[in-house]
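Asker: Handing you this structure, nothing more for now.
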Amino acid sequence: MISVRQKVALQFVVSNLALIANFVLSIVLARLLTPQEIGIFSMSAVLMAVAHVFRDFGVTAFIKREKELTPDTLRNALGVLLITSWSVAAAMFFSAPYWAHFFHEAQVLLVVQVLALGFVFIPFGAIPMAILSREMAVEKSARITAVTSVVYFGSSVGLALAGFGAMTMAWANLVNIIVSGAMARWVVDRPLPWLPGFRQLHDIVHFGLGNLLTALLKAADNALPDILLGRWMTPAAVGLFSRANSTVNMVGTALLPTVNFFALPYMAKVHHTHGPVAGEYLRASSLINALMLPALAAIAVLAHDIVSLLYGRAWLEAVPAIPWLCLSYAISSLFTLSAPALTGVGKPYAAIGPNAVLVAAKVACAVWLMDGTLHTFALAVALGQLLSVPYYLWIHERYLGLRWTAWTRSTMSLVVQALLVGCVCLGIRQMLPQDIAPWIAIVVTGACAMLAFLTGCFLLSLPMADELKRMRHTLMQRRRNP
């Protein structure tokens, strides 16, 4: 367990350093490229994001949750990846003229074609990267991330300075794929196939199809605001809602990459070693949400100050949607581990139902409640998220052996902690002058929120309290024995 905690900490640091590097790169490119050039790449990249769902076909998840990986299994996995990835590459490459016509922009053609070339090389790096994740080899993964971040940053800036324009990030992406794949194959301590196999296709495809359908539903869920608001309201409303969404998702952006790296292989390991995963599911979920829920409560209270500080007063119309989005994200966060746990126990199809209900419930609530305002749309999103909870609980009890009563007891403690932090934040913010500088309000209220968070952890005897005690004990030991 000590090594797992150290790996989680290292992965958290690495993923957030990579996030910072990408943020800095976006600032640099914003000064080297024109908005039109960046927009051309963004339009093309949207197509690739959807294509990636089909390209993977759940093969990496299959590798992460298998009890044993034999050479035949890896060859067969490579066979599926080559079929799906190269099919997607061909489809995107030859359909590029149609996408350019659809967007009325000729440069989209070349960008899409270069991005499609990346799918030719992805399978050879996807297998070793999945193995590293399965083995939770964070140190090796960190080295790959460090090198590829430098390569992508350097190639992007170099290409932009060389005048590649809209093609800058497309070529940099291709270079990054090749370098990351080569490094992954180099650091994995086991033979890896170069030639595919096609004997186990039925099992892999059957497993992967469940992950594919779940991923498509999640992609549809993420796309709902752009589709519905773009259909019923204005592009400005889409932009405002996007800012509200990114504000609420700040905590998830920092925390969830680490969770996603470990969740599936860890749950699969628990399943293969001990059998039932319900107890570890509750414990891990409590640790995640002891951080997520209080942070979301604080964001809901400080929405006005955060938006003013980050985006400026021109974006304050996004503020009314933020509290409801915080509620929606909080409910969603309670089931962060559901899909990885179901996949880990070999039931990937079980996650399809709850996600389908979620998407349908959000659409129905939006149709029912929508009155042309952002806060009402956000309310519909939160209500749709809430309506999916009973289905999730039933799936948990059926496939994970987790009774809804045990889940409720664990969750209520987390809700109480979040309410404590939210009430403290609300009280402190109301005591401060309304016209105070946003950064001062955030710092003062945030400091009080941290004290409330620590108090709640120990008063409610949350699993997070035990982790905090271990961290304190480790730090004291290091001071005594430098």
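Asker: So in the range 373-394, with the set limited to residues that are in contact (Cβ under 8 Å) with a residue 24 or more places away in the chain, among the hydroxyl-bearing types (Ser, Thr, Tyr) and part of a helix (DSSP H, G or I), which one is nearest to Ser338 (Cα to Cα)? Explain how you work it out, then say what you get.
Answerer: The initial filter retains those residues of the range 373-394 that are in contact (Cβ under 8 Å) with a residue 24 or more places away in the chain, namely 373-375, 377-379, 381-382, 384-389, 391-392.
In the following step, the residues that additionally are among the hydroxyl-bearing types (Ser, Thr, Tyr) were identified as 373, 388, 391-392.
Filter once more, so that each one left must be part of a helix (DSSP H, G or I): 391-392.
Details: Tyr391: 12, Tyr392: 8 Å.
The extreme case among them is Tyr392.
Asker: Kindly indicate which of Leu402, Leu358 is touching a Leu at 6+ places or on another chain (Cβ under 9 Å), closer than 30 Å to Glu66 by Cα and not in a helix (DSSP H, G or I).
Answerer: Going through Leu402, Leu358 in turn, the sole match is Leu402.
Asker: Report, by residue number, each residue of the range 89-123 that is within 26 Å of the chain's Cα centre (by Cα) and either surrounded by fewer than 16 Cβ atoms within 10 Å (Cβ to Cβ) or farther than 25 Å from Val59 by Cβ (or both).
Answerer: Val111
Asker: Looking only at the range 209-223, decide whether some residue is acidic (Asp, Glu), over 16 Å from the mean Cα position of the chain (by Cα) and open to solvent by 10 Å² or more (accessible area, probe 1.4 Å).
Answerer: Narrowing the range 209-223 to residues acidic (Asp, Glu): 221.
From what is left, the residues that are over 16 Å from the mean Cα position of the chain (by Cα) are none.
No; the residues of the range 209-223 include none that is acidic (Asp, Glu), over 16 Å from the mean Cα position of the chain (by Cα) and open to solvent by 10 Å² or more (accessible area, probe 1.4 Å).
Asker: Which of the residues that make up the range 189-207 are in contact (Cβ under 8 Å) with a residue 40 or more places away in the chain and assigned to a loop (DSSP other than H, G, I, E, B)?
Answerer: Answer for the range 189-207, where residues must be in contact (Cβ under 8 Å) with a residue 40 or more places away in the chain and assigned to a loop (DSSP other than H, G, I, E, B): Arg190, Pro191, Leu192, Pro193, Trp194, Leu195, Pro196, Gly197, Phe198, Arg199, Gln200.
Asker: Now for a separate question. Only one of (1) assigned to a helix (DSSP H, G or I); (2) of a type in the set (Phe, Trp, Tyr); (3) at pLDDT 85 or above fails for Phe262. Which number is that?
Answerer: Looking at each condition in turn, Phe262 falls short on (3).
Asker: Could you check, for the range 341-353, whether at least one of its residues is assigned to a helix (DSSP H, G or I) and open to solvent by 50 Å² or more (accessible area, probe 1.4 Å)?
Answerer: yes
Asker: When you go through (1) among the hydrophobic types (A, V, I, L, M, F, W, C); (2) part of a helix (DSSP H, G or I); (3) crowded, with 20+ Cβ neighbours inside 10 Å; (4) out of contact with any Ser or Thr (no Cβ under 7 Å at 6 or more places or on another chain) one by one for Val367, which number turns out not to apply?
Answerer: For Val367, the exception is condition (3).
Asker: Ok, one more. How many of the residues making up the range 244-285 are buried (at least 20 other Cβ atoms within 10 Å of the Cβ) and hydroxyl-bearing (Ser, Thr, Tyr)?
Answerer: 5
Asker: Would you please list the contacts, defined by Cβ atoms under 8 Å and residues six or more apart or on different chains, that run from a residue in the range 313-334 that is touching a residue at least 60 places away in the same chain (Cβ under 8 Å) to a residue that is of a type in the set (D, E, K, R) and in a helix (DSSP H, G or I)?
Answerer: Trp315/Arg243; Ala318/Arg243
Asker: Count, please, the residues in the range 430-482 that happen to be aliphatic (A, V, I, L, M), farther than 28 Å from Arg409 by Cβ, in contact (Cβ under 8 Å) with a residue 60 or more places away in the chain and open to solvent by less than 40 Å² (accessible area, probe 1.4 Å).
Answerer: Here the count works out to 1.
Asker: Against the conditions (1) among the small types (Gly, Ala, Ser); (2) touching a residue at least 24 places away in the same chain (Cβ under 8 Å); (3) crowded, with 22+ Cβ neighbours inside 10 Å, where does Ser149 fall short? Just the number, please.
Answerer: (3)
Asker: Sticking with this one: Would you check if there is a residue in the range 185-202 being among the small types (Gly, Ala, Ser), under 26 Å from Leu17 (Cα atoms) and touching a helix residue (DSSP H, G or I) at 6+ places or on another chain (Cβ under 9 Å)?
Answerer: No; the residues of the range 185-202 include none that is among the small types (Gly, Ala, Ser), under 26 Å from Leu17 (Cα atoms) and touching a helix residue (DSSP H, G or I) at 6+ places or on another chain (Cβ under 9 Å).
Asker: Another one. Looking at the structure I just gave you, is Ala236 assigned to a helix (DSSP H, G or I) and without any contact (Cβ under 8 Å) to a residue 40 or more places away in the chain?
Answerer: For Ala236, the condition - assigned to a helix (DSSP H, G or I) and without any contact (Cβ under 8 Å) to a residue 40 or more places away in the chain - is met.
The values are calculated or read from the model by the stated rules, or taken from the named source; none is laboratory data. Small disclaimer: the values here were computed from a predicted structure and weren't measured. Don't worry about glycine lacking a Cβ; one is built from the backbone with ideal geometry, like all the others, and counts go over all protein chains shown. Surface accessibility is based on the protein's heavy atoms, side chains included, excluding ligands, DNA and RNA. Shrake-Rupley method; radii C 1.70, N 1.55, O 1.52, S 1.80 Å.
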